[in-house]
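Accompanying notes for the structure given below.
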Amino acid sequence: MEEKKTIFDFGTRVFCSFGFSMMFMAVFSGLVGDEAKEVSTLFALGTKGVPVYVIWQFLGINILIGGFNFLFFSERIIREMSVFVRTLCMLGSVVVLIGFFAYFFGWFPIDMWQAWLGFFVSFGTCFAISLFIMKWKEKVENRKMEEGLKRVKEKLEDADF
Amino acid sequence: MEIVIYSDSDVEEMKINIYCRKLTPELERVVAVLKMLEQKLTGIYEGETCFLDPDKVLYIDTADKKTFLYTTDKVYETALKLYELEEQLSCAGFFRGGKSTIINLRHIESLRADLNRRIQVTLDNGEKLLVSRQYAEELKRRLGVK
């Protein structure tokens, strides 16, 4: 039985990722804001800060990504799908979504291959790191459960004698 | 129904005789409850009532308000309800895996974390079961992981 998720769980997830993305934006603005303000609306204020419209755009994209996460990983809508395919669908959706935002809000020049390369490298790196952490956490958890199972089985066998 | 109890200090082993016109589902439940006291499960297979060691049961499942005991090669129906079995068998290494499942820890081959914090259980006959998120936490506590 799947535990019922509420709108508050969704909100927590969205605002958590929104907080992190804004923190990274603040850091990057401070580091490369002045150099990037000519080519990206994200850094229009240079090192002075993050524009308010960018904050709203980031909130919007985080809500949509939260929606994709619900769609692909909650099993309420899509029931029969492997974790691998779900991850691929999520990845594809996020890339398309960011592409749309980049195009409509001028996040970076879409006709500039270096910008796309930068996007794919940074996105790919973040995705690979999060996937690695997720897999590592899963591996540790599986190992702990196997050890626990072994202990419990031994206890049960001891109780038999 | 009349219940007669004879008390005799010379009796070495307790014996229960049931006199009836025919074996009804209610009587089957009475027998099943009595057998539970000596850690035996009562299951019906092809019309025959059998007594099983809980160790032999891989998992217990309910479907259409009926409870089934799954062993390596047979599926027995039991008159007992899932909650009654859960109460009696928790000390024998069984745990609740979901709303309609009780799993025997002794027959688990491996455990794997699954989507949405569930746990995928592979039994020693190769069968795979899912422990729901709600019961996964309890299982982890029992395994000493949490």
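Taking a point 7 Å from the Cα of residue A:7 along the Cα-to-Cβ direction, none of the residues of the stretch A:33-68 has its backbone N closer than 14 Å to it. The Cα-based radius of gyration of the stretch A:1-59, divided by its Kirkwood radius, gives an Rg/Rh of 1.20.
For the stretch A:1-132, the extents of the C-alpha atoms along the principal axes are 52, 31, 28 Å, listed from largest to smallest. Extent of the protein assembly as shown along its three principal axes (Cα atoms, max minus min coordinate, largest first): 101, 37, 31 Å.
Once C-alpha pairs closer than 8 Å and six or more residues apart are averaged by separation and normalised to the residue number of chain B, the relative contact order reads 13 percent. Helix A:113-160 versus the longest principal axis of chain A: what angle, 0 to 90°, nearest 10, using Cα atoms? In chain A, helix A:113-160 runs at an angle near 10 degrees to the longest axis. Of interest is the spacing of the C-alpha centroids, which for the stretch A:96-158 and the stretch B:96-126 amounts to 25 Å.
Relative contact order of the stretch A:1-52, taken over Cα pairs closer than 8 Å and 6 or more residues apart, is 24 percent. Expressed per residue, the C-alpha convex hull volume of the stretch B:25-105 stands at 85 Å³.
For chain B, a Gaussian network of Cα nodes joined below 10 Å ranks B:16, B:60, B:44 by mean-square fluctuation, and the top entry is B:16. For the residue pairs B:66/B:99; B:35/B:65; B:40/B:81; A:139/B:140; B:65/B:99, the alpha carbons lie more than 18 Å apart in B:35/B:65. Within the stretch A:112-161, the proportion of Cα pairs with more than 18 Å between them is 60 percent. Using alpha-carbon positions, what is the distance between the centroids of the stretch B:8-84 and the stretch A:5-73, in Å? Result: 61 Å between the Cα centres. For chain A, modelled as a Gaussian network with Cα springs under 10 Å, which listed residue fluctuates most, A:150, A:37, A:137? Greatest mean-square fluctuation among the candidates belongs to A:150. Here the stretch B:87-129 yields Rg over Rh of 0.97, to two decimals, using C-alpha coordinates and the Kirkwood radius.
Across chain B the C-alpha pair distances fall into 10 Å bins from zero in the proportions 10, 37, 29, 15, 7, 1, 0 percent.
Over chain A, with a Gaussian network built from C-alpha contacts below 10 Å, which listed residue (A:82, A:21, A:74) shows the highest mean-square fluctuation? Of the options given, A:82 has the highest mean-square fluctuation. Taking every alpha-carbon pair under 8 Å whose residues sit at least 6 apart, the stretch B:25-105 reaches a relative contact order of 25 percent. If the segment from residue A:158 to residue A:31 were pulled out straight at 0.36 nm per residue, it would be longer than the present Cα-Cα gap by 39.5 nm. Within 10 Å of the Cβ of each residue in B:125-137, the mean number of Cβ atoms contributed by other protein chains is 1. Taking a cut-off of 18 Å between Cα atoms, list the lysines near residue A:37, but don't count ones fewer than 8 places away on the same chain. Within the straight-line limit of under 18 Å, residue A:37 reaches these lysines: A:48.
Read the figures in this text as sums done on the coordinates, not as results from a lab. This structure is a prediction, so every number in the text was calculated from the model and none was measured. No Cβ is skipped: glycine too gets one built from the backbone with ideal geometry, and neighbour counts run over all protein chains shown.
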